[in-house]
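The values are calculated or read from the model by the stated rules, or taken from the named source; none is laboratory data. Model, not experiment: these values are computed from the prediction. Neighbour counts run over all protein chains shown; Cβ positions are idealised from the backbone, glycine included. To get the accessible areas, we keep the full protein, side chains included, count just its heavy atoms, and leave off ligands, DNA and RNA. Shrake-Rupley method; radii C 1.70, N 1.55, O 1.52, S 1.80 Å.
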Amino acid sequence: MRTLTSTNFSYQKEAGRVTLWVELPEQVKEESTFYLIKNVLAYCRRLNGKFPINRKLK
Amino acid sequence: MKASVEINFEELFSSEPLEGACQLIFTNGSKDYQCKIDPQSFDYYSYNNGLYQCKPYLTTHGTFGLYQRKVELPVVAEKLSFKKGMLSGEMTFKPILPAVQVEIGLKGRNDITEEFALRYPVKVDQRKVGFELPLAFDLNEFEDGMIYDLYVIYNSGELVRTEKVATPKNFKADYARSGKNSFYLIKPYKNNEQLLSLYIKQEKMAVSIVDVIFNKTNGQFSIEGLVDNEAVPVQARAIKIVLKLRDKLGKEQYSFEIAKSLEVSGEIFAGSYPLESLPIHHSYEGGIWDVFIRLQASNHSVADYPVKVVDGYLSKNYHYFVIPESSKKIKPYVTGARGIALYTAANQKKEKLKIALFGSQMITEPFLFTTRTEAVYQVVLQQNLSSMISMTGKPVVWNDKDFKSVNKNDRSMLKQEFEKSFFTDLEQAAPDYLIIDLMNDVVNPLIQFVDSQLLTLSSALVRTSYMFNEESVMDTSDNHMMIMNAMDTFISSLTAVIPAERIILATGRLINDEEKEQIKRNNRVLGMLESYFLSKLPETNVLDLTNTPYRVDAQHQGKSDQEFVQQLNAIVLDKQVTFRSRVEHGNLDQEHQIPGKRH
């Protein structure tokens, strides 16, 4: 499994919000998108409730 | 280069909770990355008006994930009493926010829809809330032995959640007669799981048959009988004879019924009917039509009762009557339960219809598990490890050594998938009908190679030792252009081999107790593909299974398989007995489907 490391992670429980910063490798760059993927997809593993998260590339 | 991601639970999940664990994936379309975070623990954040909770968590690899769950909201009912058809008591609720609307609902246990038969609003302004439910006056759907379960329905405005109602203490109630149909009795009880349910019982009535006369020359079938009203609180008289076609798999279930008039004189009834007038095309070979008598009470309640032949009545050995212009013959007989039924058999051995199958297990399973297909149909070609999109791709090199562990059937389907030989094989097999469904295009990912080579990543292919680059696995569900183009190519290759009126598109939907959001999305895409297919090829026959969804988590698809066979028979065999001849020759007073079933 390929991993990135979060350089700054914060969870604001009262607001129900997570903010994380990551150092992206060179080849990822601007075209990157972010998804939440459900772990066990079984029969329907393809259409997995995958949806983009607000993206802020800096 | 640094990037930041903000995840707002309320924004993401309030209308679509994703119960269980999920992970954050960074992807550029070809490579996926997960994100490592420092070990720490997190508390839950509640959202959706307190009905759901979510928190970050660390996966076993130390990467970032989210875990969501329903907030536990158990409901306990106590101080129960059931008097004059009114269920009353006190329910204990967990604290909920005022914005959440609460109802008590009743739902039939075998009802596959999400519909509630009854709903009563409840104001939960304190922990314990008294309730009074006039169940016996409000319930309107009955069947002998039917069970309703009691639920509490929470509606947050965005989402609806249900909980069953527990009853810790022993609770015994007497039956109350229904206010809507006096043939039925209702009783709440504590079920095996210590939850509150409702049991429906049909009032016992004796409907006896004293004689059955059958003229095998003209197929005239006559019965005589009586309704014994003595010692029964409901005074009833016979109004109709009802013939119900038994489902072969579920003995207690009926897929079709017709009702005809009776001559009635007091408690005695009689009737005479030409069997030729039966809608025989609905009957499969070996089909059994049970005889019921429809009774009407003085308050106009109606219920169907099975008949019993009187003691000492000798079972006659009836001969078959051959239905003109049909391949079937029929005769009455006395059933093991001493009822009367009509038995349908094939008149003569005939050639089986040749069927080819292309699609998912939804269309192949009925031929495996439903015995009544064997006599009529022969599967001459089967492909359920491919998909429409991949069959329009270029061939992929097949190497026997990668598929040594695969069974013969799967190997031949996989080989056809690799070599893209379906259309050639279809031409050679020359089936009478081709049945297809598009589910594999929705649920299976594709492996895409360079030069437009495609393979469907089926579970059978995953189990082989065939090696492929995981990075070439793609999700095409959002790529509408690609799907439509593939479908155009597929349809033109198909119609070059088989005419559209010999193609049957099985339209289906998926159902699962988990993964509800995925299923919803799959079904949406599936509906879109089916509509597109039909817009391109409107002469195609449609076998509509959308009302009996395919259960992802079940071993067998009882209802869906039965529905499949009934509809297939109707499409294919209807051509032999037309509706016109039935209406002209018959004297059917009423003919209809069983409620909740479709044809």
Reported to the nearest 10 Å², A:LYS13 has, with a 1.4 Å probe, an accessible area equal to 80 Å²
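Taking Cα pairs under 8 Å and at least six residues apart, what relative contact order does chain B come out at, in percent? Intermediate results must be reported in sequence, preceding the final value.
Details: 1181 pairs, mean separation 55.7, N = 599.
Relative contact order comes out at 9 percent.
Over the whole of B:46-55, what's the average partner chain Cβ count within 10 Å per residue? Rounded to a whole number, please. It would help to have the intermediate numbers written out before the result.
Working: counts 2, 1, 0, 0, 0, 0, 0, 1, 2, 4.
Across the residues of B:46-55, the mean count of other-chain Cβ atoms within 10 Å is 1.
Per-residue Cβ counts within 10 Å, from other chains only, averaged over B:522-534: what number is that? Numbers along the way, then the final one.
Details: counts 5, 1, 1, 2, 1, 0, 0, 0, 0, 0, 0, 0, 0.
The shielding value for this peptide is 1.
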Order by accessible surface, 1.4 Å probe, largest leading, for residues B:GLU10, B:GLU267, B:GLU417 comes to B:GLU267, B:GLU10, B:GLU417
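Antiparallel as a % of all DSSP beta bridges within segment B:75-202, to the nearest 5? Intermediate results must be reported in sequence, preceding the final value.
Numbers: 43 of 45 bridges.
Once the DSSP bridges in segment B:75-202 are tallied, antiparallel ones form about 95 percent.
When DSSP assigns beta bridges and you keep just the ones with both residues in chain B, what percent turn out antiparallel, to the nearest 5?
Working: 122 of 146 bridges.
The antiparallel fraction comes to roughly 85 percent.
How far, in nm, would the chain grow between B:ASP228 and B:LYS83 when pulled straight, counting 0.36 nm per residue and subtracting the alpha carbon separation?
Working: separation 145, 0.36 × 145 = 52.20 nm, distance 2.94 nm.
Full-extension gain reported as 49.3 nm.
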Expected integer from the mean partner chain Cβ neighbour count at 10 Å over B:58-65 is 3
Karplus ³J(HN,Hα) for segment B:266-280 (6.51 cos²θ - 1.76 cosθ + 1.60, θ = phi - 60°; Hz, whole; x = Gly/Pro) runs x, 7, 8, 9, 8, x, 9, 9, x, 5, 4, 7, 5, x, 5
Length gained, B:PHE468-B:GLN428, 0.36 nm per residue minus C-alpha separation, equals 11.3 nm
Relative contact order as a percentage, segment B:353-556, C-alpha pairs under 8 Å and 6+ apart, gives 23 percent
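Place the peptides B:387-399, B:487-499, B:433-445 in order of packing, highest mean first, counting for every residue the other Cβ atoms within 10 Å and averaging per peptide.
Values: B:387-399: 19.1, B:487-499: 16.5, B:433-445: 25.0.
By packing density, highest mean first, the sequence is B:433-445, B:387-399, B:487-499.
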Scoring segment B:167-284 by relative contact order with C-alpha pairs under 8 Å, at least six apart, yields a percentage of 18 percent
For the B:THR495, B:LEU353 Cβ pair and Förster radius 22 Å, calculated FRET efficiency rounded to 0.05 is 0.60
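Roll a 1.4 Å probe over the protein chains and send me the accessible area per residue for segment B:79-237 in Å². Intermediate values should be presented prior to the final figure.
Values: 8560 Å² over 159 residues.
Here the per-residue accessible area is 54 Å².
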Ranked output for segments B:138-150, B:282-294 by mean other Cβ atoms within 10 Å, highest leading, reads B:282-294, B:138-150
